[in-house]
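Contents: one structure, followed by commentary.
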Amino acid sequence: MYEIRIHSRGGQGGVTAAKLLALAAFRDGKYATACPFYGAERRGAPVVSFVRIDDEPIKIYSQIHEPDLVIVLDTSIMDVVDVLQGLKSGGTVLLNSAHPLPGCNGTCRHVDLTGIALAENLVVAGSPILNTPVLGALAKMGVVTFPSAEKAIREMFADERNVKAAKAAYEELKA
């Protein structure tokens, strides 16, 4: 089972990113679950979402404490939350950043999801929406295929800018 933990802030699209990722995995013929964890938070508060992907039916629906992959949609969260806690040995970290961050344990990848969202004008209430660009980056990493990611995006969103943002992240993902 491949387990993913997504750290975001309310309003960035982290919860929807988890749902999109699970849907794309399902379109790839996998089993998948998406589970958010938040309280009565407001826009901008830290939010954690979890995704499990497997070839077999998934019977666990809970938080993930030892992920294979950690996604950080807002690096400022790293100042208040230990996002790397429990990351499996050899695990991967995907950061929303134009540049690599020092001190990142495991295999770190980065892509400027915010810049991509802003370039496509994917903004709600002044905040860039990162859910579709991150799905493109995850497709580049092989978590899901790009055709399934694109299909999932089109099922959830009619606006073609979302597919363009995913394609841009797919092309721009840096090691």
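No value in this document is a laboratory result; all are computed from the given coordinates. Since the structure is predicted, the reported quantities are computational estimates derived from the model, not experimental observations. Cβ coordinates were reconstructed from backbone atoms using ideal geometry, including for glycine residues, and neighbour counts include every protein chain displayed.
If you count the DSSP beta bridges with both ends in the chain, what percent of them are antiparallel, to the nearest 5?
60 percent
How about the range 1-44: which chymotrypsin sites (Phe, Trp or Tyr not before Pro) there lie in a loop by DSSP and see at most 15 other Cβ atoms within 10 Å?
Hits after loop and neighbour filter: TYR38.
From the square roots a ≥ b ≥ c of the eigenvalues of the alpha-carbon gyration tensor of the chain, which class results: rounded (a/c under 1.5), prolate (a/b over b/c), or oblate?
Rounded, because the longest to shortest axis ratio a/c is under 1.5.
In the structure shown, do any of LYS88/LYS164; LYS140/LYS164; LYS19/LYS151; LYS59/LYS167; LYS88/LYS151 have a Cα-Cα gap over 22 Å, and if so which?
Over 22 Å Cα-Cα: LYS88/LYS164; LYS59/LYS167; LYS88/LYS151.
³J(HN,Hα) across the range 16-21 via Karplus (A = 6.51, B = -1.76, C = 1.60, θ = phi - 60°), whole Hz, x for Gly/Pro?
5, 4, 4, 5, 4, 5
Looking at the chain, identify the longest residue range that excludes and avoids all trypsin sites (Lys or Arg not before Pro) in DSSP loops having at most 10 other Cβ atoms within 10 Å.
Between the exposed loop sites, the longest stretch runs 60-175.
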